[in-house]
1. Looking at (1) within 12 Å of the chain's Cα centre (by Cα); (2) in a helix (DSSP H, G or I); (3) within 18 Å of residue 20 (Cα to Cα), which is the one condition that is false for residue 82?
2. Residue 29 fails exactly one of the following numbered conditions: (1) modelled with pLDDT of 90 or more; (2) out of contact with any strand residue (DSSP E or B) (no Cβ under 6 Å at 6 or more places or on another chain); (3) open to solvent by less than 40 Å² (accessible area, probe 1.4 Å). What is the number of that condition?
3. Could you list all residues from segment 93-104 that are in contact (Cβ under 8 Å) with a residue 40 or more places away in the chain and open to solvent by 10 Å² or more (accessible area, probe 1.4 Å)?
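The values are calculated or read from the model by the stated rules, or taken from the named source; none is laboratory data. Note that the structure is predicted; figures quoted are calculated from it, not measured. Reconstructed Cβ throughout: ideal geometry from the backbone, glycine too, with neighbour counts over all protein chains shown. Surface accessibility is based on the protein's heavy atoms, side chains included, excluding ligands, DNA and RNA. Shrake-Rupley method; radii C 1.70, N 1.55, O 1.52, S 1.80 Å.
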Amino acid sequence: MRFKKGNRWSNTKGQLRYKIWRQNIFELNKRKVGLSKYYVCVKCKKKRKTTRVLHAHHIYSWKKFPKLRYERLNGIVMCIKCHNGFHRKYKFDALDKPNLLLEYIKDNKQIKEYIYSKKNF
């Protein structure tokens, strides 16, 4: 993943933390969903051996919930098509309402448990 100048990174420590978070999201997905062989989109179940066409998406948004940014369970794997479709459909409403992700994905148990565990956050 390349980081462009002028991006959200003010220092290399934040960049490193994000890379580690992203790697953790993909490894967790591979172990739980992909049976240690594939990375799997949680929406359309597309399986891939590389992360090239997949995105790590925050359940609780990066901007509105800075304390949850690097939390391991605050992320899911989505293919580019599903990720862009989610943001086209819900736009900025998704920043404040993580329940919209649950609605979009059609009731994922892992996401539901995480959202309800952080409800009072």
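1. (3)
2. (2)
3. Once the filter is applied, which keeps residues that are in contact (Cβ under 8 Å) with a residue 40 or more places away in the chain and open to solvent by 10 Å² or more (accessible area, probe 1.4 Å), segment 93-104 yields only 104.
This table checks each residue for (1) within 25 Å of residue 15 (Cα to Cα); (2) touching a Lys or Arg at 6+ places or on another chain (Cβ under 9 Å); (3) not in a strand (DSSP E or B).
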position	(1), (2), (3)
37	no, yes, yes
60	yes, yes, yes
72	yes, no, yes
87	yes, no, yes
95	yes, yes, yes
102	no, yes, yes
112	no, no, yes
